Structures are given as C-alpha cells and as structure tokens.
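What follows is one structure encoded as structure tokens, with my remarks underneath.
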Amino acid sequence: MANYAPNTSVFSYVFFVLLSSFLLYLDFTNETFSKPKNTYKTSVLSLNYFIKNYIFEPLVQFPELLHSKKNLIKQNNDLRLQVEKEYISNFVLSKNNDFFLNESKLNALVDKENNLNKVIISKLIKFDTNNYFCCSNHRLFIKPISDEATEPLQSAIINSQGLIGQIIYDLNGIYEVMLLTDIKHSTPVFSENFHCNAKGSGKPGIITCIYSELIWDEQFAIGQKFYSSGLGGIFPKNILIGDILDIKNISASEKEVVLKLKVNPITENLFGIVVSS
Amino acid sequence: MREDSTLKILFLIVLAYNIEVFINPIFMNVNIIIPFSFLTYSYFAYKDKNGFTASSSFLIGLLMDLVTGSYIGLNGLIYCMTTYVINSYKYVFRLFSYLQISIFFGIIASTYVALTHLFVNINNFSYLTLLLTLIGNTIFSFLISIARVYKPIIFKRRGI
C-alpha cells in the first residue's frame with residue numbers, strides 16, 4: 001500500500017493561502033495593519049533601548065568603573081557627543097542664509113544663545129541596513145537625546161552632511177524616519193530654473209526626477225548640482241541634495257534624471273530634527 | 001508530536017533573521033540574497049517527520065511578517081505554499097541526493113526572494129539578482145549538507 005505524504009490536505013492550504021492573500025491585499029492597498037505593526041515596532045524598539053542603555057551598557061562599563069576610569073569614560077563620551085552636535089550645528093550655521101523659510105525665524109535662531117534650539121539632537125536607535133541595501137523601504141528610528149520635539153511629524157532630519165529624510169511616525173517618543181531614497185518619498189528639488197519632485201528610487205543614495213522634454217527643453221550636464229527648493233514647507237531650501245549621475249530616456253518625450261545624494265545616512269549615529277515652528 | 005518544540009523553531013527562525021540582517025548587506029554587493037530565516041523554516045519543515053500543518057506555517061509566516069516589518073500576509077502566503085510543496089515531496093526526497101535537495105532549496109529560496117521583491121522592491125526587481133541568488137543558495141545549502149556529512153570524519157581524524 002502506498003504511503004501518503006502527511007499534512008497535504010489541499011483544502012486547509014487553499015484556505016490559508018486565500019486568507020494570507022486577503023490580508024496581504026488589505027495591507028498592501030490600504031495599510032490596514034499599520035497600527036498593530038507600529039505597536040509591535042514601538043515595543044521592540046523600547047525594549048531594545050531599555051536593555052542596551054540600562055542593562056547592557058552598565059554591565060560593560062562595570063569592570064571599567066572598578067578601575068576608577070568612570071570619569072574619564074564619561075568625559076570621553078560627553079566630548080564625542082559634543083563634537084557630533086557641533087558638526088550638526090555647524091551645518092545649520094553654514095546654511096544660515098536660507099535655512100529657514102521665514103526670515104524672522106532665522107533671526108530668532110541667530111539671536112538665541114544656543115544655536116541648537118531649533119535642531120533637536122537625536123540618537124540612532126535602529127537602522128535596518130538589510131532593507132536599505134535590498135529593498136524599497138528605507139527607514140530608520142531615532143530618539144531625541146534631551147528635549148522631545150513638540151510636533152515632530154513631517155520634520156526634516158539632518159546629519160552633519162545634509163538632509164537625510166523626514167519623520168513619518170511618532171512611536172511614543174521614538175521617531176520613524178523615511179529616508180529620501182525610500183520609494184514612497186518625494187523631495188522638492190531645483191537646479192537653476194528647473195524644479196521637480198525627486199522620488200526615492202529604493203536604491204541606496206539614488207533619487208530620480210522625471211520630466212517631459214515638451215515642457216523643459218534645456219539640457220542637463222552630468223555632475224550638475226541639485227538643491228532643496230523648500231516647496232511644501234518641510235525641508236529647508238538651498239541645501240545641496242546631490243548631483244546628476246545619469247540621464248535616461250524613458251519614453252519618446254520623457255527623461256529621467258538620476259541624482260546621486262551627497263549624504264550617506266549610515267555613516268553617523270547622531271541626527272538633528274529641524275524644528276522650524 | 002513534533003520532534004523540535006515550536007518555541008525552539010521560532011527562536012531559531014528569529015535568530016536566523018537577525019543574522020540575515022547583518023550578513024545580507026555584504027552579500028548584496030555581489031547581488032546575492034540568502035534568506036536565512038526562510039531557509040531555517042524550510043529546513044525544519046523538511047526535517048519534521050509529519051510535516052508542518054497549514055495553520056502552523058501560516059502563523060509562523062504572520063509572526064515573520066511582524067518581525068521583518070513586511071506586508072502582513074506576505075510571509076504567511078509564501079510559508080504556506082512552501083510547506084505544501086515540501087510536504088508533498090516528503091517521501092520523494094528520500095530518493096534524492098544531497099545535491100538534488102540543495103538545488104531544491106536553492107529554487108525555493110530564490111522563489112521566496114522573487115515573491116518578496118515583487119511586493120517590497122518592485123522598482124529594482126532584477127533577474128540577475130535572482131539568478132545569482134539561486135546559485136548562491138544552492139551552493140550554501142550544499143555546503144551545509146556536506147558539512148554535516150564530512151564534519152564527523154574531520155573530527156574523527158583529529159581525534160576530537
């Protein structure tokens with residue numbers, strides 16, 4: 001008598017395949033399950049943060065404390081933090097002519113004794129580099145070091161090199177940042193008189209602009225620089241975004257300008273939340 | 001009754017996912033993606049005498065959807081289909097050589113990568129990546145299978 005393979009009842013598999021497809025359809029089209037997913041993310045990130053900061057680090061530092069190096073280590077950490085803060089601060093000041101859309105806000109920034117009042121320094125909590133290199137979802141999670149941002153959603157995020165993205169979710173004090181290269185992200189950029197919304201390509205360090213030659217007949221050059229236009233009021237204007245890497249023909253009248261970003265988000269652990277309110 | 005406890009399987013799959021997160025960015029430089037978590041699941045589905053049920057594969061898939069942050073149902077769907085294929089060929093596998101089984105795992109791993117990329121990376125979908133992933137996963141599976149065979153011989157020779 002022939003042996004039948006176990007657990008191969010077609011009915012149950014068809015049922016679960018249909019159920020999975022239905023769930024997938026709901027999530028893919030309407031993001032129906034974003035709430036439970038965010039709740040899960042929040043709990044995992046908070047737990048990681050707690051374990052790392054309150055259990056792992058004290059354990060690692062314990063032998064060093066025994067050797068009376070506590071103050072030295074603290075001083076070293078503080079100095080490193082201060083240097084990274086200064087990098088971001090310098091970036092803000094170097095762009096102070098156009099950093100904020102409103103002139104009065106710029107004056108307020110310059111008048112303030114502490115220039116970081118408009119930029120909240122935040123620490124990297126998690127960055128899924130696997131997704132960053134393989135797939136279209138380019139996200140990272142940050143947590144402010146000192147102050148909490150009052151209205152963090154949509155705020156622009158910078159590091160010491162330039163713009164890297166914007167906050168899309170507030171997960172109870174941990175902010176999810178969508179990078180400029182995320183497939184769902186769109187960045188208003190310009191070069192000379194040409195304006196466009198540069199879409200994330202899903203590839204690390206690459207965003208693209210599509211335009212019609214019927215509307216814009218001037219030629220671009222490889223290496224031509226693109227800056228943020230400030231349209232939409234989320235990103236500060238005149239920040240160097242990147243330069244042209246390639247120009248592709250995608251149809252008879254449409255062209256795609258491929259921009260190589262100036263900023264690499266994986267090089268630093270500190271970021272600034274630009275609060276312009 | 002399952003030989004390995006469900007908790008152990010879940011732990012190992014999640015552990016494999018965490019390894020995958022660190023290792024895959026390196027392999028991506030040569031266009032190879034090795035889905036360690038999926039291969040771990042497939043290994044347990046293959047190893048289990050009675051095979052996983054449709055409901056357990058669906059639930060493990062849902063858990064992986066949460067862990068990986070992909071669309072809910074994506075892993076559930078693929079895990080269900082994979083389990084069905086593995087269970088259907090359960091007795092046929094006995095006739096296969098290690099190389100044939102490795103090719104089978106290479107094929108299902110690249111199918112997994114293809115299906116996930118259809119949803120999470122459609123703009124950069126690459127057949128080159130899929131081909132190299134197929135080759136990479138087949139070699140990886142083969143190395144794992146022969147390591148199991150040759151490891152005791154090496155240890156015996158060294159007297160360990």
**Asked** How do A:ASP170, B:ASP48, A:ASP243 stack up against each other in accessible area, from largest to smallest, with a 1.4 angstrom probe?
**Response** A:ASP170, A:ASP243, B:ASP48
**Request:** Pairs of Cα atoms under 8 Å, at least six residues apart: use those to get the relative contact order of the stretch B:51-114, whole percent.
**Result:** 30
**Asked** With labels modelled as points extended 7 Å from the Cα through the Cβ direction, what inter-label distance (nm, one decimal) is found for A:TRP216 paired with B:SER55?
**Response** 5.7
**Complete:** Distance in nm between B:ILE139 and B:ASP4 label points, each 7 Å along Cα→Cβ, equals 2.5
**Message:** Just to verify a number: what accessible area does B:HIS117 come out at with the full protein assembly present, 1.4 Å probe, Å² rounded to tens?
**Reply:** 20
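Expressed as a whole percentage, what fraction of the accessible surface of chain B belongs to carbon and sulfur atoms when a 1.4 Å probe is rolled over the protein heavy atoms?
Carbon and sulfur atoms account for 71 percent of the accessible area of chain B.
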**Additional length obtainable on full extension of the chain from A:ASN264 to A:LEU153, 0.36 nm per residue less Cα span** = 37.7 nm
**Message:** For the pairs B:LYS47/B:LYS90; A:LYS52/B:LYS8; A:LYS41/A:LYS260, flag any whose C-alpha to C-alpha distance is greater than 19 Å.
**Reply:** A:LYS52/B:LYS8; A:LYS41/A:LYS260
**Message:** Using the basic label-point model (7 angstrom from Cα toward the beta carbon), what is the B:ALA147 to A:ASP78 distance in nanometres?
**Reply:** 4.7
**Asked** For the stretch A:187-257, which GluC sites (Glu not before Pro) are in a loop by DSSP, counting at most 15 other Cβ atoms within 10 Å?
**Response** A:GLU192, A:GLU213, A:GLU218
**Asked** Okay, helix-only estimate at 222 nm for the protein assembly as shown: each DSSP H run of n ≥ 4 adds -39500 (n - 2.57), divide by all residues, round to 500 deg cm²/dmol; what do you get?
**Response** -16000 deg cm²/dmol
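The values are calculated or read from the model by the stated rules, or taken from the named source; none is laboratory data. Note that the structure is a prediction, hence the values are computed from the model and not measured. No Cβ is skipped: glycine too gets one built from the backbone with ideal geometry, and neighbour counts run over all protein chains shown. To get the accessible areas, we keep the full protein, side chains included, count just its heavy atoms, and leave off ligands, DNA and RNA. Shrake-Rupley method; radii C 1.70, N 1.55, O 1.52, S 1.80 Å.
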